[in-house]
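Q: Below is the structure I would like to discuss, written out as structure tokens.
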Amino acid sequence: MIIQRTLMTCHKGVDLHAATAERVMRRRLEGGEGLAGLARAEFHTFWQVGDESAPESVERLLTVGRYFNPNKHHFAHFVWRGAGTPWTGIPARGDPLPGDWPGEVVATDLPVGGGAVLDRLLGGAIPAGANSAGASVVDVCAFPLGEASAVLSGVLWRLALAPGTAAPADVAGRLVETRSAREGLLVNPHMQGWLASPARSLNA
């Protein structure tokens, strides 16, 4: 069994990176008309093998000043346990995220508990612009390939696809992976790996 500890942060105010990317995707990319909302959180994650005793490692991430600024960020500390391989050791190209990732919430400054924490970090259960409960969401973790440091940093994107979008996971994949000026924006496949969740309804 491996243990993955993840510090995830999001902006307290408007996330200009996500807002700009959403506008470009909707206006310029093939399939962008199906994008109903885009949200983003930064993550910093590391793995342990069978060792439960390292919450202080995340505490150091919170206090060192490089990963978290309490004046501009909300945060959550998650722990995931399961069989698998650290992401630094896989050539991930849209492979599936574990269904229960990022795992159990250990600490957060958000006034919510349980499974609602990740939704709050990503702009609420329904990301900005996705005003219908019939929308589908796909979460994508993007991170640099070949990273050798102890902590792997990357971005978790949540794409909300409009109700009635056919094959929303496929549409999300085309919007994510950059292939040309009209195809994809969020991941450079020559430099980054990414893992994606299955599409799910916001009613789920």
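Q: Among His44, Val105, Gly34, pick out the residue whose Cα is farthest towards the positive end of the charge dipole of the chain, where Lys and Arg carry +1 and Asp and Glu carry -1 on C-beta, about the Cα centre.
A: Gly34
Q: Continuing with this model, one more query. Roughly how many debye, to the nearest 20, is the charge dipole of the chain about its Cα centre, given +1 on each Lys and Arg Cβ, -1 on each Asp and Glu Cβ, and no other charges?
A: 620 debye
Q: Helix 16-28 versus the longest principal axis of the chain: what is the Cα-based angle in degrees, 0 to 90, to the nearest 10?
A: Result, in degrees: 30.
Q: Defining a contact as two alpha carbons under 8 Å apart and six or more residues distant in sequence, what relative contact order in percent does segment 2-201 show?
A: Once divided by the residue count of segment 2-201, the mean separation gives 29 percent.
Q: I've got another one for you. Using Cα centres only, tell me the gap between segment 59-105 and segment 150-204 in whole Å.
A: What the calculation gives is 17 Å, centre to centre.
Q: How large is Rg over Rh for segment 129-178, taking Rg from the Cα atoms and Rh as the Kirkwood inverse mean of 1/r across Cα pairs?
A: 1.11
Q: Would you list Ser197, Ser136, Ser57, Ser149 from fewest to most Cβ contacts within 10 Å?
A: Ser149, Ser57, Ser197, Ser136
Q: Here's something else I'd like to know. May I have the pair-distance distribution P(r) for the chain, computed from all Cα-Cα distances with 5 Å bins from 0 and rounded to whole percent?
A: The calculated distribution, bin by bin, is 1, 7, 16, 20, 21, 17, 11, 5, 1, 0.
Q: Once you list every other residue whose beta carbon is under 14 Å from the beta carbon of Pro168, what net charge do they have if Lys and Arg are +1 and Asp and Glu are -1?
A: 0
Q: When the helices in the chain are scored as -39500 (n - 2.57) per DSSP H run of 4 or longer and the sum is shared across all residues, what 222 nm value do you end up with, to the nearest 500 deg cm²/dmol?
A: -5000 deg cm²/dmol, from helical runs alone.
Throughout, read-outs are computed from the coordinates displayed, never taken from laboratory work. Source: prediction; values computed, not measured. For neighbour counting, all protein chains shown are included, and Cβ atoms are generated from backbone atoms with ideal geometry for every residue, glycine included.
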